[in-house]
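Participant: Structure below; questions to follow.
The values are calculated or read from the model by the stated rules, or taken from the named source; none is laboratory data. Every value quoted in this text rests on a predicted model; they were computed, and no experiment measured them. Glycine also receives a Cβ, built like all others from the backbone with ideal geometry; neighbour counts cover every protein chain displayed.
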Amino acid sequence: MGHLQTNALPYAFFQGKIVPVEKAQVNIQTNALQYGTGIFGGIRGYYSKKGKYISIFRLNDHMARFVNSLKILGESIEYSKEDLINITMKLMKKNSPQTDTYIRPFAYAGSLSLTPNLERDNPFYFAEYMIPLGNYLSIDKGVKVCVSSWRRISDNAIPSRAKISGGYINSALAKKEANQNGFDEAIFLNEAGNVAEGSAMNLFIVRDGVLITPSKTDDVLEGITRRSIIQFAKDLNIPVEERTIDRSELYIADEAFFCGTGAQVAWISEIDHRKVGTGRRGKITGTIQDLFFKVVRGEEDKYESWRTIITV
Ligand code: PMP
């Protein structure tokens, strides 16, 4: 088997500079490749054909979380949050995509040493690439989900609020099981048995007009989309609770949806073969989903400060 064909945009940031993406390659022995000793981000840029620009959603907040993921591991890289923002803007300009784009910043343990370690002789390096990306989950048709038999990684095993590469084996196992059993997605419970999130997206339910999501201390990733939706709910006077959710609440929720950079806002029609509400997109979900797409595409002035515009 030869090299796999990349679907990435032509340029990547690697070893301190912008290079053709084919040049962004690491050795097979690389610690991060062997052990998942890396952290990453996932950011979306939305393309405006009319305005000939890419609008990056909450770039500053994504890079702040990226830096925090490093901090949780006790690691650092040679770039500040501001540097990372500038590198991303420059790389976007260089790639000048004409489609919606997913941005993947990555910091990884680069040594070729045998031992999985996070020590000084194994520094973290920064790299970034971009790919064209449409909808990751269906957003028009409801998604059918199951409660996974796998548990969400707990904070004292692989810190759940950091976006750690190795932690994503957890996501992959849940997604595989869900797909093998005919579902689109999975919902994780945490080790305490409470609802956590999807394989790589946060979860909201609606009960009696109240929007509810697991709290930050329920072993979830602290999603930027989750945070945006909580802000929307506050601005729209929709009551919102961040609290522990029981499994059985999923089965009697009036509405449910996933949210995340990849998932965007995707409504859930069935959980473990039980219809969610009417089995159609719910009212609060609809309001939030419509507002989300308006905001990311720049049709709502109120949230303008969340957008970074790059003309392409
Ligand atoms: N949870 C997990 C485990 C994720 O990987 C993601 C995607 N980054 C999310 C939630 C959603 O986070 P965000 O809204 O910041 O993309």
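Participant: Pairs please, first residue from the range 160-172 and more than 19 Å from residue 67 (Cβ to Cβ) and part of a loop (DSSP other than H, G, I, E, B), second anywhere and at pLDDT below 95 and of a type in the set (S, T, N, Q), Cβ atoms under 6 Å, 6+ apart in sequence or on different chains.
Facilitator: Note: no pairs meet the criteria.
Participant: Which residues, taken from the range 188-210, are charged (D, E, K, R) and part of a loop (DSSP other than H, G, I, E, B)? Can you show your working first?
Facilitator: Taking the range 188-210 and keeping what is charged (D, E, K, R), we get 191, 197, 207-208.
Listed by number, the residues that qualify are 191, 208.
Participant: Is it true that residue 189 is buried (at least 21 other Cβ atoms within 10 Å of the Cβ), touching a residue at least 40 places away in the same chain (Cβ under 8 Å) and not aromatic (Phe, Trp, Tyr)?
Facilitator: Details: buried (at least 21 other Cβ atoms within 10 Å of the Cβ): yes; touching a residue at least 40 places away in the same chain (Cβ under 8 Å): yes; not aromatic (Phe, Trp, Tyr): yes.
In short, yes.
Participant: Right, next: Just give me the residues in the range 137-159 being in a loop (DSSP other than H, G, I, E, B), away from the ligand (no atom under 13 Å from the Cβ) and touching a strand residue (DSSP E or B) at 6+ places or on another chain (Cβ under 7 Å), in sequence order.
Facilitator: Within the range 137-159, 138, 139, 142 qualify.
Participant: I'm trying to understand the selection: among the residues of the range 110-136, which are touching a helix residue (DSSP H, G or I) at 6+ places or on another chain (Cβ under 8 Å), among the aliphatic types (A, V, I, L, M) and either modelled with pLDDT under 95 or assigned to a loop (DSSP other than H, G, I, E, B) (or both)?
Facilitator: 112, 118
Participant: What single numbered condition from (1) surrounded by 18 or more Cβ atoms within 10 Å (Cβ to Cβ); (2) more than 12 Å from the ligand (Cβ to nearest atom); (3) of a type in the set (A, V, I, L, M) fails to hold for residue 164?
Facilitator: All conditions pass for residue 164, except number (2).
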